[in-house]
Amino acid sequence: MSLAGTIIDIPELQIERIDQQKSLEVWASPTQRPLCKHCQHEHLHIKATHRRTVKHTRLGNKVMALHLRVPKYRCLKCHRYFRHPFVGIRPRYRASEAYRLEVFEAHDGGITQRKLSLTHRISAATVERWYQHRILLRRSEMAGNPCPQVLGIDEHFFTRKKGYATTFVDLKNHKVFDVKLGRSESSLRHYLQGVEGKEQVQVVVMDLSETYRSIARRYFPNAKIVADRFHVVRLINQHFLKLWQQHDQEGRKNRGLLSLMRRHKWHLSDEQHARLMNYLADWPVLRELYLAKQRLMRFILLKTLRVRKMRGKLAQYLVLLKQLQDSPLHALAKTLLSWMEPIVAMWRFNKSNGITEGFHNKMEMISRRAYGFRNFENYRLRVLAHCGWDGIVNRV
């Protein structure tokens, strides 16, 4: 590569002259002839030449304009014509790929279209068009990927008009697999029928949603359904706090007691535990339910157990659920029994939907930066490009 090619980052160019009075103007021409693009023959005849002007990166505060001398060749073997190709500059484009990528990365980093139109001498519509083009390139790199082996399914809010959307996450590789509008089986049926590789999904992690469980059983027949531990813990706390409110409305409003009730018993200090037991001494039924809840939490937090140890824990877990069936927490016991297999599967697998919830936070920030989306497909492309892409930029 020549010195000019090193500075401009376009190989096989020689600089003829430079003018930098008002803006940076560079006149350049190719240093050697290429092979015929049709037959790869080396003997070419220059039929004519013309000048081509393209924008190419910024040096300081000036936009570089390249004035290229473009020969038109005639092959002496196949007698066909073609123009000289330049690396990083596509035919009939008025900006190089490096310049378009620079605008994309600046806009992706938070620079507004108005600011870029002033600094890069292009219109706001051009910034949006280049940005959408690069987003589609990122999406095309992920097109045709089969379903991941460990799949996380969860919902998130999109807009008040269109409601909720369903997120499919590759929990093994920490990527968003896809986002589809709707959270019912009828709205997701057409998409799930066309997804490739559903048979290779081994684990599906979800919250305690009957809709998603029926979808997993129908469209991912070989997958083991695993409940998300966070949602199970939250369900237990919700039932217990609701029962506490029924027994003592005033105590339920005490923020200090509320904090102690929500914590695990083994995370309390001796002073905090004594304070909580003094309060529960006046409510014997509530005290027994609190102790049962703590025993239940120990089962829910189990993970990565071997099969032999799981069998012993399962027998103890069933005894505890039987006791809860005859208590005021019978509704909770009924729900836990109906989700017995996914909850027990948590003891074996350590995957959860925490990765999915993290992506939901990032997706919310994408929506805020865009001041909301009316078109779901535009939102989907942004999400897949930012949360499902591997980070490799193709310059050409």
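The values are calculated or read from the model by the stated rules, or taken from the named source; none is laboratory data. Please read these numbers as outputs of a predicted model, since none were measured by experiment. Cβ placement follows ideal geometry from the backbone for every residue including glycine, while neighbour counts extend to all protein chains displayed.
Pairs under 7 Å by beta carbon, first residue more than 10 Å from V205 (Cβ to Cβ) in segment 345-371, partner modelled with pLDDT of 90 or more and of a type in the set (S, T, N, Q), six or more apart or different chains?
F359/T167; H360/T167
May I ask you to list the residues in segment 37-67 that are hydroxyl-bearing (S, T, Y) and more than 37 Å from the chain's Cα centre (by Cα)? Before the answer, list the steps.
First, the residues of segment 37-67 that are hydroxyl-bearing (S, T, Y): 49, 53, 57.
Residues satisfying the conditions are T49, T53.
Looking only at segment 153-191, count every residue that is buried (at least 18 other Cβ atoms within 10 Å of the Cβ) and more than 21 Å from N361 (Cα to Cα) and tell me the total.
Residues meeting the conditions: 1.
What number of residues within segment 5-42 are more than 14 Å from L66 (Cβ to Cβ) and not acidic (D, E)?
We begin by selecting, within segment 5-42, every residue more than 14 Å from L66 (Cβ to Cβ); these are 6, 21-22, 31-42.
Still in the running and not acidic (D, E): 6, 21-22, 31-41.
Of the residues in that region, 14 qualify.
State all residues of segment 48-73 that are among the charged types (D, E, K, R) and touching a residue at least 40 places away in the same chain (Cβ under 8 Å); if no residue qualifies, say none.
Narrowing segment 48-73 to residues among the charged types (D, E, K, R): 51-52, 55, 58, 62, 69, 72.
Hits for segment 48-73 are K55, R58, K62, R69.
Quick one: is L336 assigned to a helix (DSSP H, G or I) and within 30 Å of E288 (Cβ to Cβ)? Give the steps one after another, and end with the answer.
Values: assigned to a helix (DSSP H, G or I): yes; within 30 Å of E288 (Cβ to Cβ): yes.
When the stated conditions are applied, L336 passes them.
Looking at segment 269-287, which of its residues are in a helix (DSSP H, G or I) and touching a residue at least 24 places away in the same chain (Cβ under 8 Å)? Let's see the steps before the verdict.
Applying the first criterion (in a helix (DSSP H, G or I)) to segment 269-287 yields 270-280, 284-287.
Scanning segment 269-287 gives Y279, V285, L286.
Restricting segment 200-231 to residues that are hydrophobic (A, V, I, L, M, F, W, C) and part of a loop (DSSP other than H, G, I, E, B), which is nearest to R263 (Cα to Cα)?
Start the filter on segment 200-231 by keeping residues that are hydrophobic (A, V, I, L, M, F, W, C), which leaves 201, 203-206, 208, 215-216, 220, 223, 225-227, 230.
After this cut, where a residue has to be part of a loop (DSSP other than H, G, I, E, B) as well, the list is 201, 208, 220, 223.
Numbers: V201: 35, L208: 22, F220: 36, A223: 33 Å.
Checking each candidate, the answer is L208.
Failed condition for A274, given (1) touching a helix residue (DSSP H, G or I) at 6+ places or on another chain (Cβ under 9 Å); (2) among the aliphatic types (A, V, I, L, M); (3) outside the structural domain of E196 (by TED's automatic domain parsing), with all others met?
Among (1) touching a helix residue (DSSP H, G or I) at 6+ places or on another chain (Cβ under 9 Å); (2) among the aliphatic types (A, V, I, L, M); (3) outside the structural domain of E196 (by TED's automatic domain parsing), A274 violates only (1).
Quick one: which strands (runs of 3 or more DSSP E) sit completely within segment 105-199 and have at least 2 residues that are over 18 Å from the mean Cα position of the chain (by Cα)? Let's see the steps before the verdict.
Details: elements: 150-159, 163-170, 175-181.
Fully inside segment 105-199 and qualifying: nothing.
From the residues in segment 234-247 that are out of contact with any Pro (no Cβ under 7 Å at 6 or more places or on another chain) and crowded, with 16+ Cβ neighbours inside 10 Å, which one is nearest to L296 (Cα to Cα)? Quick ask: steps written out before the conclusion?
From segment 234-247, those out of contact with any Pro (no Cβ under 7 Å at 6 or more places or on another chain) are 234-242, 244-247; that's our starting set.
Those left that are additionally crowded, with 16+ Cβ neighbours inside 10 Å: 235-236, 239-240, 244.
Working: L235: 12, I236: 9, H239: 13, F240: 12, W244: 17 Å.
Checking each candidate, the answer is I236.
Rundown of residues vs (1) at pLDDT 90 or above; (2) out of contact with any Asp or Glu (no Cβ under 6 Å at 6 or more places or on another chain); (3) surrounded by 15 or more Cβ atoms within 10 Å (Cβ to Cβ), yes/no style:
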position: L305; (1), (2), (3): no, yes, yes
position: G312; (1), (2), (3): no, yes, no
position: V319; (1), (2), (3): yes, yes, no
position: K322; (1), (2), (3): yes, yes, no
position: D326; (1), (2), (3): yes, yes, no
position: K334; (1), (2), (3): yes, yes, no
position: W339; (1), (2), (3): yes, yes, yes
position: K351; (1), (2), (3): no, yes, yes
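State which residue pairs qualify: first residue closer than 13 Å to F220 by Cα and inside segment 182-194, second residue surrounded by 12 or more Cβ atoms within 10 Å (Cβ to Cβ) and of a type in the set (F, W, Y) in any location, beta carbons under 7 Å apart, and separation of 6 or more residues or different chains.
Note: pairs meeting the criteria are L192/Y219.
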